[in-house]
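Notes follow once the structure below has been shown.
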Amino acid sequence: MFSAARAPAKTILLGEHFCVHGAPAISMAVNLYAEARVRKGVEAGIHVSSRGLKAAGLFHGGRYKAEVGGKAGGRLLRPIKIAAEAVLDYAGSPPLDLDVEVESGIPIQVGLGSSAAMAVSTVAAVARFVGLKLSREEVLRLSYFSERLLHYRPSGIDQATCIHGGIIFFQQGAPVKFLKAARPLRLVVGNTGIRRSTGVLVKKVSSLAEEREALMRKNLKAARRLTLQAAEAIRRGDLPQLGRCMDENQKLLSAVGVSHKRLELFIEAARNAGALGAKLTGGGGGGCMIALARGEDLENVAKALQRLHGETYLVETDERGLRSWVGKGCVG
Ligand code: MEV
């Protein structure tokens, strides 16, 4: 017997970084997934493994015993162990020996919310394993501990998107609102292949907000206006208007120093190949960009990015969000 949970990746359509400072943002869950499976461990402690992360090892009594991937592998797996422990603590359960296996089709450290998808699926799978029923808000709170380790001061937008699915209008501290798109949104995701730390980038923007308060206030005001316009465009199915908002948002992200030469190159190539709008997604500084395009232009946009040696994904909205189940048989 094992418990399992699956969560989608996220792409932020408008407002990343600015949402950490109180502005609203729009995020869309997309059809790339991470999955966690939990069963009773065979050794004392929490055993975590992931073929995709090329890491496996046992966390026990404050120590880590690496099996695959050495200490570096342990650093990748630690957020998963923290997510599992958060649930056990919350459940008031005595320490349990667990085997947690996480697999993900979401590339890591490139702004697609892989860590959030792994954290929320681990939280949901462990909760199911110990028979604890959690609300979506509780999953969000419990996954915060592991996200904080990686993202410095996460707004919660990544986990909220993975948990709820669909397209969400997010503002820190307010209940999530769902946006119903009049037309399906299809995106090309272009991965520059440059891995970076979201936490470092969040810190960079936070320092700017302290040092250049007036500039940041102006950018936040513009980001808020664009996000509201984009929400309206999504509801009306006005894709060209949504594309324009994304382009304007990219300028603001560039102005706060989170773009990258290679991201700009990809964004320009996507626009030249017919995208209605393009911008970085997530923390920036490398990682992924997204391009909004009409159905007939998607392939062209993807090809333009591939010519720049970018890895590409054609994605659409995942409407289901986080789900969990109990399975029979072996894990693996
Ligand atoms: C990361 O996907 C989005 C950021 O806005 C950070 C956050 O909101 O937690 C950069």
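In the condition set (1) away from the ligand (no atom under 14 Å from the Cβ); (2) outside the structural domain of Gly310 (by TED's automatic domain parsing); (3) crowded, with 20+ Cβ neighbours inside 10 Å; (4) not aromatic (Phe, Trp, Tyr), Ile157 is compliant with all but (1). Please go through segment 160-170 and pick out each residue that is open to solvent by 10 Å² or more (accessible area, probe 1.4 Å) and within 11 Å of the ligand (Cβ to nearest atom). Of everything in segment 160-170, just one residue is open to solvent by 10 Å² or more (accessible area, probe 1.4 Å) and within 11 Å of the ligand (Cβ to nearest atom), namely Phe170.
Just to be sure, is Ile46 touching a residue at least 24 places away in the same chain (Cβ under 8 Å) and farther than 30 Å from Ser259 by Cβ? Yes; evaluated as a whole, the condition is true for this residue.
Do we find that Gly199 is surrounded by fewer than 18 Cβ atoms within 10 Å (Cβ to Cβ) and outside any helix (DSSP H, G or I) in this structure? Answer is no for this residue. Elements of the type strands (runs of 3 or more DSSP E) sitting completely within segment 214-332 and holding at least 1 residues that are modelled with pLDDT of 95 or more, surrounded by fewer than 22 Cβ atoms within 10 Å (Cβ to Cβ) and out of contact with any Cys (no Cβ under 7 Å at 6 or more places or on another chain): these cover 311-316, 323-327.
Considering segment 17-26 alone, what residues qualify as being in contact with a strand residue (DSSP E or B) (Cβ under 6 Å, 6 or more places away or on another chain) and either near the ligand (Cβ under 8 Å from one of its atoms) or under 27 Å from Phe129 (Cβ atoms) (or both)? Within segment 17-26, Cys19, Ala25 qualify.
Say we look at segment 180-210 and pick out the residues that are farther than 17 Å from Leu253 by Cα and over 20 Å from the mean Cα position of the chain (by Cα); which of these is nearest to the ligand (Cβ to nearest atom)? Here the residue is Ala181.
Taken over segment 70-103, the criterion of being among the basic types (Lys, Arg) and either surrounded by 17 or more Cβ atoms within 10 Å (Cβ to Cβ) or outside any helix (DSSP H, G or I) (or both) is satisfied by Arg78, Lys81. Of all residues in segment 1-16, exactly one satisfies the criterion of being under 14 Å from the mean Cα position of the chain (by Cα) and open to solvent by 10 Å² or more (accessible area, probe 1.4 Å), namely Arg6. In the set (1) among the charged types (D, E, K, R); (2) under 22 Å from the mean Cα position of the chain (by Cα); (3) surrounded by fewer than 23 Cβ atoms within 10 Å (Cβ to Cβ), Arg39 fails one condition alone, (2).
The values are calculated or read from the model by the stated rules, or taken from the named source; none is laboratory data. What you are looking at is a predicted structure, and each value in this text was computed from that prediction instead of being measured. Here Cβ is always computed from backbone atoms with ideal geometry, including for glycine, and neighbour counts include all displayed protein chains. Only protein heavy atoms, including side chains, enter the accessible area calculation; ligands, DNA and RNA are left aside. Shrake-Rupley method; radii C 1.70, N 1.55, O 1.52, S 1.80 Å.
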